[in-house]
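The values are calculated or read from the model by the stated rules, or taken from the named source; none is laboratory data. Quick caveat: nothing in here was measured; it's all calculated off a predicted structure. Cβ atoms come from the backbone with ideal geometry, glycine included; neighbour counts cover every protein chain shown. Accessible surface is based on the protein model in full, side chains and every heavy atom, while ligands, DNA and RNA are left aside. Shrake-Rupley method; radii C 1.70, N 1.55, O 1.52, S 1.80 Å.
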Amino acid sequence: MNGLQTSSQIAKFFDEGGADSRRLVMVKIVSSEDEAVRDQIIKATNSQNSVPRASLRATDKVQRDIEHALKMGGYFYDRRKNYYKNAGKPAAKIVSIPLLAQAMMTLLRGEPDNARARPSSLIKEDKVYNSLFSDDHPIDAYLVAADLVKR
């Protein structure tokens, strides 16, 4: 679902006793079972807004693959910010994209100083991002990195 913030605010409004029947929300529904298609829609519909780079990177195939691998290892890869937090998953088992980028920067590139100093900027530059998140790396490397950083 795209529009997580909007739907959360609507739910909050009604949870707090809101009952204003004059409020309207324009909705566009596109249904697809294909996660790649859904990610393309998210990327396209958020292009007009200022969206953090990590959020747009979250739709990359490698990010979906990492999410699946981490889930198999007992972790929740928060490629959509606060998705698993809002689902009630334990914080100790949630791994964010910037946290995993820090772990990969440290383990793959041997640059813990850069990883620690600039966690959110690691995924801004395509060259750095592509060196950290690539199909060339074994998918289990991401699970090992997540496990190490969470321990």
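Can Gly88 be described as out of contact with any Asp or Glu (no Cβ under 7 Å at 6 or more places or on another chain), within 19 Å of Ala141 (Cβ to Cβ) and not in a helix (DSSP H, G or I)? Taking the combined requirement at face value, the residue does not satisfy it. Among the residues of segment 99-117, those identified as assigned to a helix (DSSP H, G or I), small (Gly, Ala, Ser) and farther than 10 Å from Leu132 by Cα are Ala115, Ala117.
Report yes if some residue within segment 125-141 is farther than 17 Å from His68 by Cα, hydrophobic (A, V, I, L, M, F, W, C) and open to solvent by 40 Å² or more (accessible area, probe 1.4 Å); otherwise report no. No, because not a single residue in segment 125-141 is farther than 17 Å from His68 by Cα, hydrophobic (A, V, I, L, M, F, W, C) and open to solvent by 40 Å² or more (accessible area, probe 1.4 Å).
Of the listed requirements (1) in contact with a helix residue (DSSP H, G or I) (Cβ under 8 Å, 6 or more places away or on another chain); (2) assigned to a helix (DSSP H, G or I); (3) more than 20 Å from Ala36 (Cα to Cα), His137 misses just one: (2).
Contact annotation: residue pairs with Cβ atoms under 7 Å, 6 or more positions apart or on different chains, pairing a residue in segment 125-143 that is touching a residue at least 40 places away in the same chain (Cβ under 8 Å) with a partner that is open to solvent by less than 80 Å² (accessible area, probe 1.4 Å) and polar (S, T, N, Q), are Phe133/Gln63.
Find the residue count for segment 34-71, including only residues that are among the basic types (Lys, Arg), open to solvent by 80 Å² or more (accessible area, probe 1.4 Å) and modelled with pLDDT under 80.
Looking only at that region, the number is 3.
Checked against the criterion of being open to solvent by less than 90 Å² (accessible area, probe 1.4 Å) and either at pLDDT 85 or above or not in a loop (DSSP other than H, G, I, E, B) (or both), segment 25-33 contains not a single residue that satisfies it.
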